[in-house]
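Engineer: Submitted below is the structure of interest, expressed as structure tokens.
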Amino acid sequence: MKDDVKTIPQPAPGQTSTAPVPLVLLPGTLCDERLFAPLLSRLDERFTLTPPIDGDDPIALARQLLARLPARFALLGFSLGGLVALELALMAPDQVVGLALLNSNARARAVDAPPHPGPPSAAIAELAPRAFGSDRGDDDGLRVLLEDMATTFDARTHAAQEKLAVSRSDKRPVLTELTMPALVLGGAQDVLCPPALQHELAEGLPDAALVLLDGVGHFAPLESPGDVAVHVATWLARVDHAAASANLPSTTCRTGDEMTKAAPHDQSSQPPATDDGQQNAAVLQVERRDFTELVPTDRERVQGMRGFDPIYTDIVDYIVRCTHRIWDERDVGLIYTHYTHNCVAYTTMGTMYDRETHIRDTIQRLVEFPDRRGLAQQVIWRGNDRDGFYTSHMTHGQGRHSQYGMYGKPTGRTFLTRTVADCMILENKIYKEWIVRDNMGPVIQLGLDPHAYAQDIAVRKFEAGEPIMEVVENRRLLGQYPPETDADTSIAHSEGEAQLLRDLHHIYNKRMFGRIHELYAPNCQWHGPLMREYYGVAAVLQQTMRLIALIPDGFYVPQHICSVESEEGGTKYAIRWTLDGHHLGYGPLGAPTGHPLFVMGVSHYHIRDGKIIDEWAVYDELSMLAQIKLAALQRAAG
């Protein structure tokens, strides 16, 4: 059958109508997005993404990819890309809603062959004579295309891909876990991944269709793109139907608190190529870089940033640079171009509902502390330029109280405090923000009386009619039942995130504080409110119990989690959480009052070799004290 008469099958009659599921394509060794161009030109329009395969550790590479991919997507992997696709699907089966494996297999590498001694293009030239089937065996155009793709790769990337192929594990025993609609497609004359391996794959996957193309070798997407397109379209129709039937958001990406629509396929939204021809190159990390490296003047854009100002090269550059421009360079008017008019900001002291309030609050803080500086400590993020980004940006703020303002008469004293701002961002604008600032720290450092200051806040809130929300039962315990055995991991995007949520549930909700000894490294460090710095597991145990002791009936609820692989080794996690209950315990807030308490906090964790080596816990004891004072005023008035 000729390619020009092939038709792409339409959804079956009665099939649920839904927007197409995004399609992620993983190329093979020394291949780039050109491998899939003939296939995509024959498919109906949908959003597609072809991330590069650059890494030599299957697990680490899968985690890195998952952190940057949509919340739900169909996954198609060719050859080496198929091996990586299996890792992704096994790691995040809820995220991968359809799986297609082309010219691939599930076995471990049988022989540890030495790396190819020549340049990448020489490896392709050596492979080509036996790679194609009889229908295209003498096609010089395909050989030239493969060699041209290979020339865009350097020796380091080629070596990493070869190591990746060698280090893969046997996936045949676990194929039954992959229950999503699947397609196994190969060439009947593929000598690298012969038909026997395709049968093996299809038999192991619970819901797989098997296709073997006559006269086709190892490069089916290039040798017979029309045939491949027909079967891929059929598979995608199954995936779309399954997503619609299960009420899964097919073209949306989870950003934590809500779902944001993905844009239709648009080449302009693809991340631009970097100098080595790869997309989505390393996004900046804050910890080991001087400030001038975080706001570069000559760096190429390395991440898709559709709709963002040209100055920003990736999402970390954006959040660090625009914060600096607004607060340190005093360009407060940038808030008009970097926040939506109706941006909602949730803070420990109240909620701001519009952009003008942001501007007014910023000006007032800058006037009171003219030499204030905010030092970026780390940014943990998730998302992309189509669905939106989520960033958790931790800073250390320092300055001197030299002007009259919210803290009253100038004291001339200096302060140092920690703040985390979690932002939801789309096309250069922040549209939702959570600001957790340790306000108690500056109050104490400036020599003010916390109780008197909190009383003043409470009086203003009382006179404004602000209510205290009294939650009689926070649902940590259901009647006489113990806490839920299992944590809610629905907000997790990876197994690492899910496991951290399980561990925190055991500690905070089940009160199994002994688990801290299992989770934290012996030399761990804890960074807490009031700029407290403690070392060792015993200190973490004491500080964790200190918070729960204040609110012994408190219910800990993680609201958002994201993670990034750290350049320092391991993974860094950001969790935004709440804790609500009643002031029933002794502590820095005074004797128990029984008044309701609500805590909003953000914690960053650095986990390496399975152990937490650093925890940054940010919450505001001043806000808690003001809540107690306000509840007392309301009780006295009632």
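Engineer: On a full-extension model of 0.36 nm per residue, what is the gain between GLU293 and THR234, subtracting their alpha-carbon distance, rounded to one decimal in nm?
Structural biologist: Value of the extension gain: 16.4 nm.
Engineer: Continuing with this model, one more query. Using Cα pairs under 8 angstrom and six or more residues apart, how large is the relative contact order of the chain, in percent?
Structural biologist: Relative contact order comes out at 11 percent.
Engineer: For GLU463 and TYR535, compute 0.36 nm times the residue count separating them, minus their Cα-Cα distance, and round to one decimal in nm.
Structural biologist: Taking GLU463 through TYR535 to full extension adds about 21.6 nm, to one decimal.
Engineer: Let me ask something else about it. Can you tell me the orientation of helix 140-150 relative to the chain, as the angle in degrees between its alpha-carbon axis and the longest Cα principal axis, to the nearest 10?
Structural biologist: Helix 140-150 sits roughly 30 degrees off the main axis of the chain.
Engineer: Take the chain, mark every one of the chymotrypsin sites (Phe, Trp or Tyr not before Pro) that falls in a DSSP loop and has at most 14 other Cβ within 10 Å, then report the longest stretch left between them, sites excluded.
Structural biologist: 1-352
Engineer: Which FRET efficiency, nearest 0.05, do PHE513 and ARG156 yield, Cβ-Cβ r, R0 41 Å?
Structural biologist: So the FRET efficiency works out to roughly 0.35.
Engineer: Whats the longest run of the chain with zero GluC sites (Glu not before Pro) that are DSSP loop and have at most 16 other Cβ atoms within 10 Å? Mind dumping the intermediate values first?
Structural biologist: Details: sites that count: GLU45, GLU258, GLU287, GLU300, GLU329, GLU427, GLU470, GLU473, GLU484, GLU567, GLU568.
Excluding the exposed sites themselves, the longest stretch runs over 46-257.
Engineer: For the chain, what does the helix formula give at 222 nm: sum of -39500 (n - 2.57) over DSSP H segments with n ≥ 4, over the residue count, nearest 500 deg cm²/dmol?
Structural biologist: Helices in the chain give a 222 nm mean residue ellipticity of -9000 deg cm²/dmol.
Engineer: Hey, another quick one. At 0.36 nm per residue, minus the direct Cα-Cα distance, what do ASP148 and GLN480 gain on full extension? Give it in nm, one decimal, please.
Structural biologist: 112.7 nm
Engineer: How about region 58-93: which trypsin sites (Lys or Arg not before Pro) there are in a DSSP loop, with at most 12 other Cβ atoms within 10 Å of their Cβ?
Structural biologist: none
Engineer: Given a Förster distance of 22 Å, report the FRET efficiency between MET406 and ASP354 from their Cβ-Cβ distance, rounded to the nearest 0.05.
Structural biologist: Rounded to the nearest 0.05, the efficiency is 0.65.
Engineer: Against the longest principal axis of the chain, how steep is helix 450-463, in degrees 0 to 90 to the nearest 10, with axes from Cα atoms?
Structural biologist: It works out to around 80 degrees.
Engineer: Amide H to amide H, which residues 5 or more places from LEU597 or on other chains are under 5 Å from it, using H placed in the peptide plane?
Structural biologist: When sequence neighbours closer than 5 places are left aside, the close amide H contacts are GLY581, HIS582, HIS583.
Engineer: Now, a different point. How charged is the neighbourhood of THR362? Take every other residue with its Cβ under 15 Å from the Cβ of THR362, and add Lys/Arg as +1 and Asp/Glu as -1.
Structural biologist: With Lys, Arg at +1 and Asp, Glu at -1, the net is 0.
Engineer: If you fit an axis through the alpha-carbon atoms of helix 621-637 and take the longest principal axis of the Cα set of the chain, what angle between them do you get, 0 to 90°, nearest 10?
Structural biologist: Helix 621-637 sits roughly 50 degrees off the main axis of the chain.
Each reported figure results from applying straightforward, stated rules to the coordinates on display, with no laboratory input. Here the structure is a predicted model, which means the values were calculated and not measured. All Cβ positions, glycine included, derive from the backbone under ideal geometry; neighbour counts span all protein chains shown.
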